[in-house]
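Peer 1: Below is a structure I'd like to ask you about.
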Ligand code: 5RP
């Protein structure tokens, strides 16, 4: 595909463009005492690298993974422990899928639990993604579920009863010391809120990658035509 200038814009350039759009948005909202929440993944990494030149405009960050925290520190940006802050001004993170309600699937990078915790604290959740993440119905991307290690098989059986095909993401241990099951064949997910609640009820589940009960507040989507801003449809 080519853009209006006739040039092909690849996925990396789309991620860069949408990260820059988020930086412009965030810079307008922050004050010198603001805490900025930082997500995880390749799109969030673009955001980290671009917000670095504005680091004097906010107090510090909180991060949704050890990896992001390390990248932030490499830019000389302060990273606070979430327990040390009472408020997160704004949280910026990517997604694996997003629908018009701004319900998301997240966790491709195994950071879903810390991501959900930071969104719970944040005053505003800004999602950034390229157009490949935009879907009519959620569930083509296998839904990540973080589980306590000893509950892995039990949770897998329960997820199977819910109609999914759980696959253990071998060789992955989360920052919290837990395991990930990727649940295939859930597409199309009818009620994301209902499924998010049901999976959370299974004993041994820490979190699932549906962000529907608390969806994103705004989505910047990078397309070949430029950045499109989405607000949650009702
Ligand atoms: C990590 C996530 C990421 O936001 C998601 O996987 C998208 O990553 P990327 O920006 O690399 O496509 O939820 O747990």
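Peer 1: With 10 angstrom as the radius, rank 207, 100, 113 by how many other C-beta atoms surround their C-beta, starting from the fewest. Walk me through the numbers on the way to the answer.
Peer 2: On the way: 207 24, 100 14, 113 21.
By the 10 Å Cβ count, ascending: 100, 113, 207.
Peer 1: Here is a follow-up. Starting with the fewest neighbours, write out 191, 65 ranked by other beta-carbon atoms found within 10 Å of each beta-carbon. Let's see the in-between values first.
Peer 2: Working: 191 11, 65 22.
Exposure proxy ranking, most exposed first: 191, 65.
Peer 1: Can you figure out the FRET efficiency of residue 60 with residue 12, using R₀ = 35 Å and their beta-carbon distance, to the nearest 0.05? Mind dumping the intermediate values first?
Peer 2: Working: r = 28 Å, r/R0 = 0.81.
Efficiency, from the Cβ-Cβ distance: 0.80.
Peer 1: Within region 179-198, whose backbone N sits under 18 Å from a point 7 Å along Cα→Cβ of residue 154?
Peer 2: Backbone N within reach: 179-181, 198.
Peer 1: Considering only DSSP beta bridges where both residues belong to the chain, give the percentage that are antiparallel (nearest 5). Could the numbers behind the result be given before it?
Peer 2: Values: 21 of 39 bridges.
Antiparallel bridges: around 55 percent, rounded to the nearest 5.
Peer 1: Here's another thing I want to ask about it. For residue 101 and residue 74, what is the calculated FRET efficiency with R₀ set at 45 Å and r taken between the beta-carbons, to the nearest 0.05?
Peer 2: Values: r = 36 Å, r/R0 = 0.79.
Efficiency, from the Cβ-Cβ distance: 0.80.
Peer 1: With contacts defined as alpha carbon pairs under 8 Å and 6 or more residues apart, what's the relative contact order of region 1-157 in percent?
Peer 2: Working: 252 pairs, mean separation 36.0, N = 157.
Computed value for region 1-157: 23 percent relative contact order.
Peer 1: Between residue 162 and residue 231, take the C-beta separation as r, use R0 = 30 Å, and let me know the FRET efficiency to the nearest 0.05.
Peer 2: On the way: r = 31 Å, r/R0 = 1.02.
Using R0 = 30 Å, I get an efficiency of 0.45.
Only the coordinates and a few stated rules stand behind these numbers; no lab work does. None of these values were measured; they are calculated from a predicted model. Here Cβ is always computed from backbone atoms with ideal geometry, including for glycine, and neighbour counts include all displayed protein chains.
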